[in-house]
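The values are calculated or read from the model by the stated rules, or taken from the named source; none is laboratory data. Since the structure is predicted, the reported quantities are computational estimates derived from the model, not experimental observations. For neighbour counting, all protein chains shown are included, and Cβ atoms are generated from backbone atoms with ideal geometry for every residue, glycine included.
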Amino acid sequence: MQLQAKLVNFGKIEVNNHNSTMSENTIRAAPTKEFFIHMLTRDVLLSRAIIDLVDNSIDGAKRLRPQGDFTGLKVEIRFSDTEFSIIDNCGGIPIQIARDYAFRFGRPRNAPSTTGSVGQFGVGMKRTFFKLGRFFKVESVSESSSFEMEVDVDEWLNQEGETDSWHFEFKRYSEEPNIQGNDIGTKILVTRLLDEPKQSFGLNGFVRSLLSGLAESHALVLEAGIQISVNGVYLFHDPLELLQSHEIKPAYKEKIFYPDEPNPISVRIYAGISQRVKEEGGWYIFCNGRMVIRADQSNITGWGEGEGVVMPKYHPDFAFFRGFVFFDCEDASKLPWTTTKTGVDADTWIYRTVREEMIHTAKPVLKFLRELASERAEVAAGHRSISTLERSISKSPQCAITKLQQNDTFISPKPPTVTGPKLQRIQYSKPIDEIEKVKKHLNVTTLQDVGSRTFDYFCESELEE
Amino acid sequence: MMASFREINYAVRPAKSAERKIMAEGYRRLEQGWPLSSYRYIGMGSIYFSDFLVFHQALGIDRMVSIEREIEHRKRFEFNRPYACVDIIFDEVSNVLDSIEWDSRCLVWLDYDGKLELSVIADLRQLVQNASSGSLISISVNVEADRPPSNIINVKEQDEWRLNEFEQKVGENLLPVGLSGADLRGKLYGKQCWEVLNSTVIDQLVKRNGRPGERPDSILSKQVFHFRYSDGVPMLTVGWLLYSSADSPKAEQCNMTGGIFRSDSTPFSIEAPKLTPKEIRHLNAHLPSGLPVSRATIKKITLDTGISEADIQKFAAVYRHYPQYCEVAL
């Protein structure tokens, strides 16, 4: 009820404004604060919203350590049924960024970019605050400045004014350089939690999904040495690996789109095989190190393309398949990710183009896996004593993708060559008493003989040479 | 499936034979833009290798790949290899296209016996995705309309059946917008196949080129071949020259227009009337005369021989390429 009252109230202000400042032929298009608070927060899961906050810390780490070694950097997330906090030592938010960009809704076109940043749409941090609670406090110390701000969301909503006058206020700030490196970082506190986060924070399943979401999304920065913890539990990550041996070698391709232009986009594609896990098979896509697609088995990454002719639909036989795609660009807005960073924007030209390359890179792997499946089936049916392809998989160790040899195409052993005409199995069921009659008539004892003799009979009597 | 080389002797299909020679003539124009010796030919030679013979003899191309799926008959194929420069690769077309290195210019002719279907479209996509600037890629398919089963008598239901059948073959995405079953009857069928093939090329080039806007390395396509012919079953061949924007002037120099070339939906029809050797010699003596053959010449020939005007026009369009057969003891 309180909310509705406010909306009406806000509407009144707009009407007044309309009368005073706008001409008769102007149509209003300015957004309202409610729009940002209520609509934006619906598009994102709570765990994703918290991962977005960690993105800000990672961006700080990237500014602080452009070389990419994050050893010693930490992000600590804590929450209870009364408050949420995230504390990092990742370099802090410079005051100019805070003043002009970090708290704006949407990223202005002229905003300075953090090299290879993961935050780019200018919605993440604010969206998370609004999703969590009604009061937030940000304290940040960077090398060149420090600031503190507090926002009471309800009060802010009640401030009147058009969008160009929307603002927050610093409680305190300083533009003195900070020499003690230890304190450099950001502390965020959210209180007056909303019901939804309050409830979720008490659920074991939520904590678990947040941990796994963070570990996946930030697998690469974890690999670079950063430590991330949730309520004191440190994240572990599985390194990205593929099988490699002298017989099996993953494919690796890299391409830089428009190297002569500012902010070229670099794309790296790996495709190969790993352990057979049905849920893990598929494509993994990263944008500036952030995993945006995990184990995808859908047409988004090419599965089932051309009604399954260009690339087959995902199938348990392909559970060995792993593909990793890395998009990197200094200008994060050129990357093909969605605003929630939980998917790719399949309509972007860069993704469309790379997707073709992904299909092309995957095909030889899938061909090998099909040959493997048919060998395994033959072994299971007793037509073959051993699968040579399976043996070469078991002899191939896991290798971190950063240490792989770089082959343009997937290399795998060939199945033993077939001699004579190609064979195909036929299987069918018939009533037992009829089978017995045929058996007796043919004077044979096995079902296999029944099948092949009746087939031969048909060929001899019905088919022309 | 019966190996098709055992069913058809490719060398004695007269329209096909003419088509090969016409294509060789088309390929020769490429010399204006790119040296023919820089090309590699990729085809499906079967055991007759008729296309390989023509293109090696007429164009001097000496890097040739024949794709062959019938690995069980490997020995026969290798025995019939016409020249040492022909490399026979035994595998499915799509696997071969996957493994080929695409850095050099290619003349590719995927000459299928069967109808247009998803695997054909997938192969064409692979070609368009990979072929380098200056390549000419062609594809031939059987365009005999699907015949509704005899228990469907109602015309409307027959049309529904046709549409459904076509959709199953080519997939929903490439189906021409607004297509109805009536558009797939009889001779109209080939036109729709042509539409689908063209959409495939356009669609794939968008994917290949990526960022919108033309840049020097953007690949463009120009349809150059569009043949219809029949040695019993109606066939369609479409060929496209692929070239980079930077190579546009070269593509222009090749001047692949007029004559045997077709850039639109109207095909060049390779069709020869049944004529006796004596009639052929007589007609040849009046050719070339430009097309269409002048009224006066027609009148004269008809008066002498009794051959109809339509047959004379058809013959005049292909007379240089049309084969004549006679029996010889080898």
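For the residues B:Ile307, B:Ile312, B:Ile260, B:Ile298, the requirement of being touching a residue at least 24 places away in the same chain (Cβ under 8 Å), surrounded by 16 or more Cβ atoms within 10 Å (Cβ to Cβ), part of a helix (DSSP H, G or I) and among the β-branched types (Val, Ile, Thr) singles out B:Ile312. A single member of A:Thr82, A:Thr128 is in contact with a Leu (Cβ under 9 Å, 6 or more places away or on another chain) and modelled with pLDDT of 90 or more, and it is A:Thr82. B:Ala246 satisfies every condition listed in (1) within 14 Å of chain A (Cβ to nearest Cβ); (2) among the small types (Gly, Ala, Ser); (3) in a helix (DSSP H, G or I) except (1). Look at region A:345-371: where a residue is more than 10 Å from every other protein chain (Cβ to nearest Cβ) and closer than 16 Å to A:Asn299 by Cα and a partner is part of a helix (DSSP H, G or I) and of a type in the set (Phe, Trp, Tyr), sitting 6+ places away or on another chain with Cβ atoms under 7 Å, you get A:Asp345/A:Tyr351; A:Leu366/A:Phe318. Any chance region B:99-110 includes a residue that's under 25 Å from B:Ser245 (Cβ atoms), of a type in the set (A, V, I, L, M, F, W, C) and without any contact (Cβ under 8 Å) to a residue 60 or more places away in the chain? Yes, region B:99-110 contains at least one residue that is under 25 Å from B:Ser245 (Cβ atoms), of a type in the set (A, V, I, L, M, F, W, C) and without any contact (Cβ under 8 Å) to a residue 60 or more places away in the chain.
For (1) at pLDDT 95 or above; (2) more than 14 Å from every other protein chain (Cβ to nearest Cβ); (3) under 30 Å from A:Ser57 (Cβ atoms), each residue gets a yes or a no:
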residue: A:Lys278; (1), (2), (3): no, yes, no
residue: A:Arg294; (1), (2), (3): no, yes, yes
residue: A:Glu305; (1), (2), (3): no, no, no
residue: A:Asp317; (1), (2), (3): no, yes, no
residue: A:Gly323; (1), (2), (3): yes, yes, yes
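Go through the residues of region A:425-435 one by one and say whether even a single one is among the aromatic types (Phe, Trp, Tyr) and within 14 Å of another protein chain (Cβ to nearest Cβ). Among the residues of region A:425-435, not one is among the aromatic types (Phe, Trp, Tyr) and within 14 Å of another protein chain (Cβ to nearest Cβ), which makes the answer no.
If you scan region A:46-90, which residues turn out to be aliphatic (A, V, I, L, M) and in a loop (DSSP other than H, G, I, E, B)? Within region A:46-90, A:Leu73 is the sole residue that qualifies.
So is A:Tyr351 outside any loop (DSSP other than H, G, I, E, B) and either buried (at least 21 other Cβ atoms within 10 Å of the Cβ) or basic (Lys, Arg) (or both) or not? The answer is yes for A:Tyr351.
Which one of these is modelled with pLDDT of 95 or more and in contact with a His (Cβ under 9 Å, 6 or more places away or on another chain): B:Val86, B:Val128?
Going through B:Val86, B:Val128 in turn, just one is modelled with pLDDT of 95 or more and in contact with a His (Cβ under 9 Å, 6 or more places away or on another chain): B:Val86.
Residues that are hydroxyl-bearing (Ser, Thr, Tyr) number at least 2 in the following helices (runs of 4 or more DSSP H) confined to region A:169-229: A:204-217.
Kindly check whether there is at least one residue in region B:215-225 that is away from chain A (no Cβ under 14 Å) and more than 14 Å from B:Ile137 (Cα to Cα). No, region B:215-225 contains no residue that is away from chain A (no Cβ under 14 Å) and more than 14 Å from B:Ile137 (Cα to Cα).
Yes/no matrix, rows are residues, columns are (1) away from chain A (no Cβ under 14 Å); (2) surrounded by 20 or more Cβ atoms within 10 Å (Cβ to Cβ):
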site	(1), (2)
B:Glu25	yes, no
B:Arg105	yes, yes
B:Asp113	yes, no
B:Val120	no, yes
B:Leu127	no, yes
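Answer yes if at least one residue in region B:181-201 is more than 14 Å from chain A (Cβ to nearest Cβ), surrounded by fewer than 18 Cβ atoms within 10 Å (Cβ to Cβ) and over 23 Å from the mean Cα position of the chain (by Cα), and no otherwise. Yes, the conditions are met somewhere in region B:181-201.
Here A:Phe410 meets the list (1) within 14 Å of chain B (Cβ to nearest Cβ); (2) among the hydrophobic types (A, V, I, L, M, F, W, C); (3) exposed (fewer than 10 other Cβ atoms within 10 Å of the Cβ) almost entirely, failing just condition (3). Within region A:410-423, restricting attention to residues that are at pLDDT 90 or above and out of contact with any Leu (no Cβ under 7 Å at 6 or more places or on another chain), which residue is nearest to A:Leu369 (Cα to Cα)? In this case the residue turns out to be A:Ser412.
For A:Cys399, the conditions (1) outside any helix (DSSP H, G or I); (2) assigned by TED's automatic domain parsing to the domain that holds A:His315; (3) modelled with pLDDT under 90; (4) surrounded by 10 or more Cβ atoms within 10 Å (Cβ to Cβ) all hold with the exception of (3).
When the strands (runs of 3 or more DSSP E) confined to region B:46-132 are screened for residues that are closer than 19 Å to A:Pro364 by Cβ, those reaching at least 2 such residues are found at B:64-68, B:86-90. Does any residue in region B:204-217 that is under 21 Å from B:Pro249 (Cβ atoms) come within less than 9 Å, Cβ to Cβ, of a residue that is surrounded by 12 or more Cβ atoms within 10 Å (Cβ to Cβ) and aromatic (Phe, Trp, Tyr) six or more places away or on a different chain, and which pairs are these? Matching pairs, first to second residue: B:Asn209/A:Trp349; B:Arg215/A:Tyr258.
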